[in-house]
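The values are calculated or read from the model by the stated rules, or taken from the named source; none is laboratory data. Since this is a predicted model, take the numbers as computed values, not measurements. FYI the Cβ positions are ideal-geometry reconstructions off the backbone, even for glycines, and counts take in every protein chain you see.
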Amino acid sequence: MNDLLIVNGVVYIDGVWKQTNIGIKDEKIVYLGLDKPETKEIFDASGLKVIPGLIDPHVHFSLDCGTVISVDDFSSGSRSAAYGGVTTIIDFVDPARNAKTLEKLFYERLQIAKSSNVDYHLHGCIKEPDGDLEEFVLKTKNLGMRTIKLFTAYSETRRRTYDKDIYNLLRLSKKHGIMIECHIENDDLIKHDDNFLCTDISRSRPSECEMTETLKLAQFVRETGGYLYMVHCSSGKTLQALIDQYFDILGKNFFVESCPQYFLFNDSYLGKEDGYLFTFAPPLRSKEEQELLIKNITYVNVIGTDHCSFNMADKKSHPLLKDHPFGIGGIETSFLLLHKMFGDQIIDKMTKNTAKLQYFSQKGTISLGKDADLVFLKDVPSYKIGKPHGRADYSIYENLELNEKIEATMLRGRFLLKDEIYTPIRGELINCN
Ligand SMILES: [Zn+2]
């Protein structure tokens, strides 16, 4: 007998909306069809659309930014996630220089991540490698991870990885079937000035930083046949240049992640009175670049949020760019805002594509045998976004209008969110092997 049968919903399967019932047993989807197999419980989804649980592949909970620690920890961050329909999050191991340190840092981060109330995973992360790179890759896989994040920037805090190592990591990504996730900005073109205010961030890190470094790495990918995942593409010009010059590898070996903030805002917001709240790296771009990014949404494979939230006072009390905490929250509103903007094409970019690129075999689609992670959507009269349900006291998305809401969020067959009530569930670590 099934544990639960969801009836009367309109369900997103293989890119189309279908009227089908969903049977769930032992946390998995075990039935799809119009019959009503025997079940302990029934949930009536009349008037609701059902999509797979969303995966946010880019969050920073409890991140120590030097001057401040990001305010959402795994517990409050996953509460915010549940309100946004996100049932799986991926955070990052602190950057390590070699395999031995990676292992140590992995278990340290895992200890913190265990308080997650959605399913979770960690990306491996490297900086200034001082050990054997192949050993690093094998250790990553051995720990259940298939992604290694690196930064081409931040030499000032010794987090940069240099070209020779990036090139070799890309070669190894092909050999061992892993993904190299890159924060791409040309480190040498970033302008450092102790007098810059936080709202000078777009001047400090102009879009040519992203564009020139991205094209170089795309060439590395073409030469090596490796796998690169560009995190948080912010610049429409960069994406257009990839389409024009690297169409052959785009979506095949070179994958693009972007974030809601780059579609919804532009650098004019930094000039407003509360501009200090719109600070993150890479920063907001011009209106023209924003429009170009929107126009080329087809070539964005995955949406992440880079959720790294702070309170207003954390931002305001560090007005100088050099000690300002970069980052914003956004996990709770990413889907609804982008669904409104782009329609159903955004669904795969937050579910199926993400699961595939992150090597998650149990997530991302509503199909037999997968985890019963589901989001129930409801069309509602227009309303304004309020305060987030995490721990931050603001969101840059407040007061934007939506006409759809997350009616319920289900993780492995259990409701995390239903009837406006959040019921924490113990999240599970996803192993990618
Ligand atoms: Zn990030």
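Some observations on this one:
- Count of the range 167-188 residues which are within 16 Å of the ligand (Cβ to nearest atom) and among the hydrophobic types (A, V, I, L, M, F, W, C): 4
- Scoring ARG109 on the criteria (1) assigned to a helix (DSSP H, G or I); (2) over 19 Å from the mean Cα position of the chain (by Cα); (3) surrounded by fewer than 21 Cβ atoms within 10 Å (Cβ to Cβ) leaves a single failure, condition (2).
- Residue in the range 171-216 that is surrounded by the most Cβ atoms within 10 Å (Cβ to Cβ), counting only those that are hydrophobic (A, V, I, L, M, F, W, C) and part of a loop (DSSP other than H, G, I, E, B): ILE184
- For the range 72-86, a residue qualifies if it is within 14 Å of the ligand (Cβ to nearest atom) and not acidic (Asp, Glu), and exactly one does: GLY77.
- Test for LYS18: is it in a loop (DSSP other than H, G, I, E, B) and of a type outside the set (A, V, I, L, M): no
- Filtered residues of the range 275-318 (kept if part of a helix (DSSP H, G or I) and either charged (D, E, K, R) or within 16 Å of the ligand (Cβ to nearest atom) (or both)): LYS287, GLU288, GLU289, GLU291, LYS295, ASP314, LYS315, LYS316
- Cβ-Cβ under 8 Å pairs, at least 6 apart or on other chains, the range 203-226 side closer than 13 Å to ALA153 by Cα and in contact (Cβ under 8 Å) with a residue 60 or more places away in the chain, far side crowded, with 20+ Cβ neighbours inside 10 Å and among the acidic types (Asp, Glu): ARG205/GLU185; CYS209/GLU185; GLU210/GLU185; GLU213/GLU185
- Looking across the range 52-66, the residues that are within 13 Å of the ligand (Cβ to nearest atom) and either outside the structural domain of CYS198 (by TED's automatic domain parsing) or not in a loop (DSSP other than H, G, I, E, B) (or both) come down to ASP56, VAL59.
- Taking residues in the range 261-280 that are within 16 Å of ILE303 (Cα to Cα) and assigned by TED's automatic domain parsing to the domain that holds SER334, and partners anywhere that are assigned to a loop (DSSP other than H, G, I, E, B) and of a type in the set (Gly, Ala, Ser), the pairs with Cβ atoms closer than 9 Å and at least 6 places apart or on different chains are GLN261/SER234; GLN261/GLY330; TYR262/SER234; TYR262/SER235.
- Look at the range 320-331: where a residue is under 9 Å from CYS308 (Cα atoms), no partner that is surrounded by fewer than 20 Cβ atoms within 10 Å (Cβ to Cβ) and of a type in the set (Asp, Glu) sits 6+ places away or on another chain with Cβ atoms under 9 Å.
Yes/no per residue for (1) free of Cβ contacts under 8 Å to residues at least 40 places away in the same chain; (2) closer than 24 Å to GLY427 by Cα; (3) in contact with a Phe, Trp or Tyr (Cβ under 6 Å, 6 or more places away or on another chain); (4) not hydrophobic (A, V, I, L, M, F, W, C):
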{"site": "GLY15", "(1), (2), (3), (4)": "no, no, no, yes"}
{"site": "LYS18", "(1), (2), (3), (4)": "yes, no, no, yes"}
{"site": "PRO37", "(1), (2), (3), (4)": "yes, no, yes, yes"}
{"site": "ILE55", "(1), (2), (3), (4)": "no, yes, no, no"}
{"site": "PHE61", "(1), (2), (3), (4)": "no, yes, yes, no"}
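- Qualifying positions in the range 370-389 - of a type in the set (Gly, Ala, Ser) and either within 23 Å of SER76 (Cβ to Cβ) or assigned to a loop (DSSP other than H, G, I, E, B) (or both): ALA372, GLY386
- Here the condition is being under 30 Å from ASN2 (Cα atoms) and not in a strand (DSSP E or B); of ALA355, ALA392, it holds for ALA355 alone.
- Matching residues in the range 205-223 - criterion: being in contact with a Pro (Cβ under 6 Å, 6 or more places away or on another chain) and more than 11 Å from THR238 (Cα to Cα): ARG205
- Residue within the range 93-109 that is touching a His at 6+ places or on another chain (Cβ under 8 Å) and within 16 Å of the ligand (Cβ to nearest atom) present: yes
- The sole residue among ILE69, ILE89, ILE24, ILE29 that is surrounded by 22 or more Cβ atoms within 10 Å (Cβ to Cβ) and within 16 Å of the ligand (Cβ to nearest atom) is ILE89.
- Single unsatisfied condition, SER334 versus (1) within 16 Å of the ligand (Cβ to nearest atom); (2) without any contact (Cβ under 8 Å) to a residue 60 or more places away in the chain: (2)
- The listed residues are SER204, SER234, and the only one of them that is away from the ligand (no atom under 16 Å from the Cβ) and under 12 Å from PRO283 (Cα atoms) turns out to be SER204.
- Residue in the range 29-51 that is in a strand (DSSP E or B) and in contact with a helix residue (DSSP H, G or I) (Cβ under 6 Å, 6 or more places away or on another chain) present: yes
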